[in-house]
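Asks: First the structure, which I've put down as structure tokens, then a few questions once you've had a look.
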Amino acid sequence: MKPFRTLALATMLGLITLNTQAANILVVLSDSDHLDLKDGKVFPTGFYLNELMQPVKRMLDAGHQITFATPDGKAPTLDKSSDDKMYFNNDEAALQVHRALLQKLQLTSSSQSPVISLARAEKMGYDRFDALYVPGGHAPMQDLLTDKGLGKVLKAFHAKNKPTALVCHGPVALLSTLPDAATFTQQLASKGHASLQAGWIYSGYRMTVISNAEEEKAKALLNGGEMKFYPQTALEQAGGKFSSNKEPFTPHVVTDRELITGQNPASANGVADEILKRLN
């Protein structure tokens, strides 16, 4: 039998395992369990279950490794309102599978969480990570958008054109790479608009994030409160080219160079598709 036929047959029979190299994905979540609203109101929040666990499960199933991090290394908080089958196409079994995986990983455990700080990730070396993923929930609006540690990570990934994926409220974290993210967001919160800052690494990128229209439709979640500003407005004023779906809360994923952004919870699996495609 000819050598290539022998190899093909052995592969078909499972006698030879093709060597594929696993990637290491850095998943960054917020430390915060709340979002400060206008008029001193506070909204309890965290990460959305499906936005974190659907891509995480897909990446783990593909044989990749995941390192979880938050700015200060605190265990992240699950937004309890997202623990609902409506975010899993009303599939109760799918909800249970992803809920069980979250419990297995112990991410939200105050004593057993494997989460590291972004400072620790920097010491480990950004070169060990092949892709970055930031899920949503409202929590990134509290800390990730101005976090200097995350800004360093994003700049390192940008410089080497590494896959950088964010979904729903997650893309607001791109503001952390502004020359002065704190001033930019303070201007937005107090005046409704902010001065354009030269040198933003994502200026001119096509991107998406939860839209202003979707935020308006989801206002009831805030229990009468009002956000200081919307992420779509923030990214547009920073210099991003916003792209939206035609029907609110339908999947929409935008890719531009290394950047992969998803608009809403329904876009999480689409973002996972793009991450896996890049890692392949």
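Asks: Out of GLY270, GLY262, report the one residue that is within 21 Å of SER82 (Cβ to Cβ) and without any contact (Cβ under 8 Å) to a residue 24 or more places away in the chain.
Replies: Result of the check over GLY270, GLY262: GLY270.
Asks: LYS219 fails exactly one of the following numbered conditions: (1) modelled with pLDDT under 95; (2) touching a His at 6+ places or on another chain (Cβ under 8 Å). What is the number of that condition?
Replies: (2)
Asks: Now for a different question. Could you list, in sequence order, all residues of segment 147-158 that are under 15 Å from the mean Cα position of the chain (by Cα) and not in a loop (DSSP other than H, G, I, E, B)?
Replies: Listed by number, the residues that qualify are LEU150, GLY151, VAL153, LEU154, PHE157.
Asks: Which members of segment 206-238 meet the condition of being outside any helix (DSSP H, G or I), under 25 Å from THR164 (Cα atoms) and out of contact with any Gly (no Cβ under 6 Å at 6 or more places or on another chain)?
Replies: ARG206, THR208, VAL209, ILE210, SER211, PHE229, TYR230
Asks: Pull up segment 239-261, narrow it to residues that are more than 20 Å from LYS155 (Cα to Cα) and in a strand (DSSP E or B), then point me to the one that is farthest from the chain's Cα centre (by Cα).
Replies: PHE242
Asks: Here is a check on your reading of the model: is THR67 open to solvent by 20 Å² or more (accessible area, probe 1.4 Å), modelled with pLDDT of 95 or more and at negative phi?
Replies: Yes, satisfied.
Asks: What is the number of the single condition among (1) open to solvent by less than 10 Å² (accessible area, probe 1.4 Å); (2) among the aromatic types (Phe, Trp, Tyr); (3) without any contact (Cβ under 8 Å) to a residue 24 or more places away in the chain that TYR230 does not meet?
Replies: Here TYR230 clears every test but (1).
Asks: Checking ALA268 against (1) open to solvent by 20 Å² or more (accessible area, probe 1.4 Å); (2) more than 21 Å from LYS155 (Cα to Cα); (3) hydrophobic (A, V, I, L, M, F, W, C): exactly one of these is not met. Which one?
Replies: (1)
Asks: Another one. Would you please name the residue that is nearest to ALA189 (Cα to Cα), looking only at residues in segment 233-255 that are crowded, with 16+ Cβ neighbours inside 10 Å and touching a Lys or Arg at 6+ places or on another chain (Cβ under 7 Å)?
Replies: Per the stated criteria, the residue is SER243.
Asks: Moving on. Given (1) touching a residue at least 40 places away in the same chain (Cβ under 8 Å); (2) in contact with a helix residue (DSSP H, G or I) (Cβ under 8 Å, 6 or more places away or on another chain), where does ARG128 come up short, assuming only one miss?
Replies: Failing condition for ARG128: (2).
Asks: Continuing with the same structure: Just one of LYS162, LYS191 is exposed (fewer than 14 other Cβ atoms within 10 Å of the Cβ), of a type in the set (Lys, Arg) and modelled with pLDDT of 95 or more; which is it?
Replies: Going through LYS162, LYS191 in turn, the sole match is LYS191.
Asks: Here's a check for you: in segment 25-59, which residue that is in a helix (DSSP H, G or I) and among the acidic types (Asp, Glu) is farthest from SER113 (Cα to Cα)?
Replies: ASP39
Asks: Kindly evaluate THR208 against the criterion of being closer than 17 Å to HIS158 by Cα, crowded, with 21+ Cβ neighbours inside 10 Å and within 17 Å of the chain's Cα centre (by Cα).
Replies: No, not satisfied.
Asks: Still on this structure, please answer the following. With the condition kept exactly as written, say whether any residue in segment 194-205 is on the phi < 0 side of the Ramachandran plot and assigned to a helix (DSSP H, G or I).
Replies: no
The values are calculated or read from the model by the stated rules, or taken from the named source; none is laboratory data. Just so we're clear, the structure is a prediction, and the values are computed from it rather than from any experiment. Cβ atoms come from the backbone with ideal geometry, glycine included; neighbour counts cover every protein chain shown. Ligands, DNA and RNA are excluded from the accessible area calculation, which covers all protein heavy atoms including side chains. Shrake-Rupley method; radii C 1.70, N 1.55, O 1.52, S 1.80 Å.
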